[in-house]
Amino acid sequence: MDVTGHAAIVTGAASGLGAATARALAAAGAKVALLDLNAEDAGTLADELGGVAIGCDVASAESAEEAIEAARAAHGPARILVSCAGIAPPKKIVGRDGPQPLDTFARVININLIGTFNVMRLAAADMVGLDALDTGERGVIINTSSIAAFEGQIGQAAYAASKGGVASMTLPAARELAKSGVRVLAIAPGIFGTPMLFGLPEDVQKSLGEGVPFPSRLGDPAEYAKLALHMIDNVMLNGEVVRLDGALRMQPI
Ligand SMILES: NC(=O)c1ccc[n+]([C@@H]2O[C@H](COP(=O)([O-])OP(=O)(O)OC[C@H]3O[C@@H](n4cnc5c(N)ncnc54)[C@H](O)[C@@H]3O)[C@@H](O)[C@H]2O)c1
């Protein structure tokens, strides 16, 4: 799909991978709605890109419904959705303070998995009602998994479960929406240089980068955005989870 002139929604667009994707989509000529819990930072970027910022908690049905409606009011129904909103708090199953509180696990699942599904269901409902393009496409949905879906580390039980869920729902979603010409894909990033990672001590960031076989560094969010734009462009890509990780296979710790 040529993105020019089409409405696009990016969640988690205030920061990191989502911000880079919003930039790339706007540069390619899409009308971008930037959804994020952090409406202030999303607003600053939206002003720069000529897009629209919408405060949204992806884990809330009501908040996401309102946000998709606001995006639709601004740009029309979106043909493109890239979901990047997510959190990655590490927590052992049994820590020094006892078993992991169930709420801690549930929060990660709520935001990363249910939040991704929540926005996908709403955006897909709009996409299936649009006219088909020359390619037969009505829309493209890209969700963000993680290599933790396949090699979760110690402390990542909740995160890995949430990202495994995002990976697993890619194929059934693509199969269901195929009849409407809506493609569904997921990107499973390795380790990218975003505020999510910049919270770690510098020596830890450095050693994480050095552990990547090639190129031996953190990924650049623009490289995630480049893959997202290729996925949107390439009509034959569908129902797949694509690792973007420099051949990194995470160790237990
Ligand atoms: N950075 C990495 O190395 C890496 C690796 C694999 C997967 N990922 C995934 O990529 C996605 C983006 O990560 P990032 O590194 O850009 O992180 P980030 O922290 O820079 O950005 C995440 C954004 O999501 C927003 N967000 C969090 N909870 C939200 C909610 N409930 N509703 C709406 N917005 C919410 C935050 O405000 C933030 O702007 C996440 O899903 C993350 O799990 C990141």
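The numbers here are math on the coordinates, done by the rules we state, and not lab data. Not measured: the values here are computed from a predicted model. Cβ placement follows ideal geometry from the backbone for every residue including glycine, while neighbour counts extend to all protein chains displayed.
Data overview
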item: Of residues in region 115-134 being away from the ligand (no atom under 16 Å from the Cβ) and free of Cβ contacts under 8 Å to residues at least 24 places away in the same chain, the one nearest to residue 1 (Cα to Cα); result: 134
item: Helices (runs of 4 or more DSSP H) (entirely within region 178-253) containing at least 2 residues that are within 30 Å of residue 125 (Cα to Cα) and in contact with a Leu (Cβ under 6 Å, 6 or more places away or on another chain); result: 221-233
item: Any hit, region 69-80, residues being within 12 Å of the ligand (Cβ to nearest atom) and buried (at least 17 other Cβ atoms within 10 Å of the Cβ); result: no
item: Hey, residue 234 among the polar types (S, T, N, Q) and crowded, with 18+ Cβ neighbours inside 10 Å or not; result: no
item: Any chance residue 60 is closer than 22 Å to residue 173 by Cα and either out of contact with any strand residue (DSSP E or B) (no Cβ under 7 Å at 6 or more places or on another chain) or more than 13 Å from the ligand (Cβ to nearest atom) (or both); result: yes
item: Test for residue 30: is it in contact with a His (Cβ under 6 Å, 6 or more places away or on another chain) and either within 27 Å of residue 238 (Cβ to Cβ) or within 16 Å of the ligand (Cβ to nearest atom) (or both); result: yes
item: Filter result for the condition that a residue is within 18 Å of residue 234 (Cα to Cα) and in contact with a strand residue (DSSP E or B) (Cβ under 8 Å, 6 or more places away or on another chain), over 4, 21; result: 21
item: Filter result for residue 162 (among the hydroxyl-bearing types (Ser, Thr, Tyr), within 30 Å of residue 101 (Cα to Cα) and within 16 Å of the ligand (Cβ to nearest atom)); result: yes
item: Residue 2, sole failed condition from (1) surrounded by fewer than 24 Cβ atoms within 10 Å (Cβ to Cβ); (2) more than 12 Å from the ligand (Cβ to nearest atom); (3) under 24 Å from residue 198 (Cβ atoms); result: (3)
item: Residue ranges of helices (runs of 4 or more DSSP H) in region 1-84 with at least 3 members within 12 Å of the chain's Cα centre (by Cα); result: 16-27
item: Residue match in region 142-158 (condition: within 15 Å of the ligand (Cβ to nearest atom), over 24 Å from residue 226 (Cα atoms) and buried (at least 21 other Cβ atoms within 10 Å of the Cβ)); result: yes
item: In region 90-114, residue surrounded by the fewest Cβ atoms within 10 Å (Cβ to Cβ) [restricted to those that are within 16 Å of the ligand (Cβ to nearest atom) and in contact (Cβ under 8 Å) with a residue 60 or more places away in the chain]; result: 90
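Here is a yes/no grid of residues against (1) more than 10 Å from the ligand (Cβ to nearest atom); (2) closer than 29 Å to residue 114 by Cβ; (3) exposed (fewer than 13 other Cβ atoms within 10 Å of the Cβ):
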residue: 175; (1), (2), (3): yes, yes, yes
residue: 183; (1), (2), (3): yes, yes, no
residue: 186; (1), (2), (3): yes, yes, no
residue: 196; (1), (2), (3): no, yes, no
residue: 203; (1), (2), (3): yes, no, yes
residue: 227; (1), (2), (3): yes, yes, no
residue: 230; (1), (2), (3): yes, yes, yes
residue: 247; (1), (2), (3): yes, no, yes
residue: 252; (1), (2), (3): yes, yes, yes
